[in-house]
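Student: Have a look at this one before I ask anything.
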Ligand code: TTP
Ligand code: MG
Ligand code: MG
């Protein structure tokens, strides 16, 4: 496939992904009119993906009888529309509209109360699929994220534009909802593009056309220009981005302070913000509820060791490390105790997590019986900053090296290949009644957080 030359007529079919080298109206292979062409199509790699009428789409997926009906998700405590499907939108229903108004506009609408847990789960499923495309995924809310696909051509054996189109077909088939894609060279225009032809849109804004594209657009298209700021600009008779393009930076700064700098750059399609991968996971932990209560170290320590290894494994997989070790215990009478200790340097090593956890645990072994034990790390950061060679504690450095060797063996031969003295033969690993997973990052809209 010739995906290197960026000739304007090159493109592909969004339904069957077949390359199109002639300017035709329909795909030669499947007949679909959904063809995508753009001179910069195979060069651009920064994308914004946003699901279409997200909550409503999930409800329609789960009840096919709703497919061709106007559906409104809302009601609940605040009595406003959370989202309306596109059929209801044709009738004038909008997000945040009071429900009585929405029903005036569209009396035949079917109103469904939001099921946040379900939407959050679908949001996580979508995000996980995104992470299979690139580690550079930055979730913005429950239904949208930025993705930087730079350098992924070799992994996927196709350019980012095609990877994205394939992703959308997978989303429709496997998750059962639709989304729109914006592809550009910067975050600002990728986001603008994804909003451009909803639903099931795929818009491309290239570098060469950015200035011309932005010229006639309203100032509200600029990130951070809300109603209040727009009316301030309106007082100065500024309505379009084109007008901002004619003003210099000093003038904009004089009139609008720090916002002036943003107006200057974004109006010219210049946005240097990088896609930063998701790092809002608060902590990574693992816990076990026993099938009987335990109070002595012989029983508790091997479990602590096994859980520390699990936490370390997850940290290593996510390329993260944590500075605070947190021990959690639940007593036989269901009281929860958490104890934590901050380390000098962030760690991702099972050995350090275990050693710190053990110090904390020793103080709690006093005849009390526990039904649950957990260990985790918080204050997460990049793995690069973790576990610097410890000049004072040579032993600990040696143990770190040994652990890395153990990891390599485990990767090669499986988890059970290497047992430490603490867990060997204790058999606790296979026995947890319930095991807690790491905390999920909060990808809800700010207004959904409490
Ligand atoms: P959006 O992506 O803003 O909207 P949407 O997915 O419903 O529609 P679009 O096709 O235009 O992207 O928000 C995602 C979800 O967040 C939405 O389905 C419901 C929720 N939401 C609210 O609860 N209240 C609101 O005011 C908005 C805008 C969204
Ligand atoms: Mg959306
Ligand atoms: Mg959204």
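Here, each number is a calculation from the coordinates, and none is a lab measurement. What you see is a predicted model; the values in this text were computed from it and never measured. Cβ: placed from backbone, ideal geometry, glycine included. Neighbour counts: every protein chain shown.
Student: Using the Cα gyration tensor of segment 54-117, with a ≥ b ≥ c the square roots of its eigenvalues, what is the shape: rounded (a/c below 1.5), prolate (a/b larger than b/c) or oblate (neither)?
Tutor: Because a/c hits 1.5 or more and a/b fails to exceed b/c, segment 54-117 counts as oblate.
Student: Now for a different question. Once you have a ≥ b ≥ c as the square roots of the Cα gyration tensor eigenvalues for segment 109-231, tell me rounded if a/c is under 1.5, and otherwise prolate or oblate according to whether a/b is larger than b/c.
Tutor: In terms of gyration-tensor shape, oblate.
Student: So what's the back-of-envelope 222 nm ellipticity for the chain, counting only DSSP H runs of four-plus at -39500 (n - 2.57) apiece and dividing by all residues, rounded to 500?
Tutor: Calculated from helices alone, the mean residue ellipticity at 222 nm is -10000 deg cm²/dmol.
Student: Return 18, 356, 336 ranked ascending by Cβ neighbour count within 10 Å, so the fewest neighbours appear first.
Tutor: Ranking 18, 356, 336 by Cβ neighbours within 10 Å, fewest first, gives 336, 18, 356.
Student: Please work out the Cα center distance from segment 34-78 to segment 83-142, rounded to the nearest Å.
Tutor: 8 Å
Student: Angle, helix 258-267 long axis vs. longest principal axis of the chain, Cα atoms, 0 to 90°, nearest 10?
Tutor: Long axis of 258-267 versus the principal axis of the chain: about 60 degrees.
Student: Then there's this: If you take the Cα Rg of segment 210-267 and divide it by 2.2 N^0.38 Å, with N the number of residues, what do you get?
Tutor: Dividing the Cα Rg of segment 210-267 by 2.2 N^0.38 Å gives 0.98.
Student: Below 8 Å, C-alpha to C-alpha, sequence gap of six or more: please give me the relative contact order for segment 54-117 in percent.
Tutor: Computed value for segment 54-117: 34 percent relative contact order.
Student: Could you line up 264, 42 from fewest to most neighbouring Cβ atoms inside 10 Å?
Tutor: Going from sparsest to densest Cβ surroundings: 264, 42.
Student: For helix 297-318, report the angle its Cα long axis makes with the longest principal axis of the Cα atoms of the chain; keep it between 0 and 90° and round to the nearest 10°.
Tutor: 30 degrees
Student: Next question, about the same structure. Taking R0 as 25 Å, what FRET efficiency do you get between residue 43 and residue 273 from their Cβ-Cβ distance, rounded to the nearest 0.05?
Tutor: 0.80
Student: Below 8 Å between Cα atoms, with a sequence gap of 6+, how large is the relative contact order for the chain in percent?
Tutor: So the answer I get is 13 percent.
Student: Moving on to the next point. Based on the mean of other beta carbon atoms within 10 Å per residue, what is the order of 246-258, 146-158, 173-185, most packed first?
Tutor: 173-185, 146-158, 246-258
Student: Same structure, new question: For the residues 207, 287, what sequence is obtained by ranking on other C-beta atoms within 10 Å, fewest first?
Tutor: Result, fewest neighbours first: 207, 287.
Student: Assign one of three labels to the chain, namely rounded, prolate or oblate, based on the Cα gyration tensor with a ≥ b ≥ c the square roots of its eigenvalues; rounded applies when a/c is under 1.5, prolate when it is not and a/b is larger than b/c, and oblate otherwise.
Tutor: Prolate.
Student: Quick one, can you get me the convex hull of the C-alpha atoms of segment 289-348 expressed as volume per residue in Å³?
Tutor: 96 Å³
Student: Related question: What share of the DSSP beta bridges in the chain is antiparallel, in percent to the nearest 5?
Tutor: 90 percent
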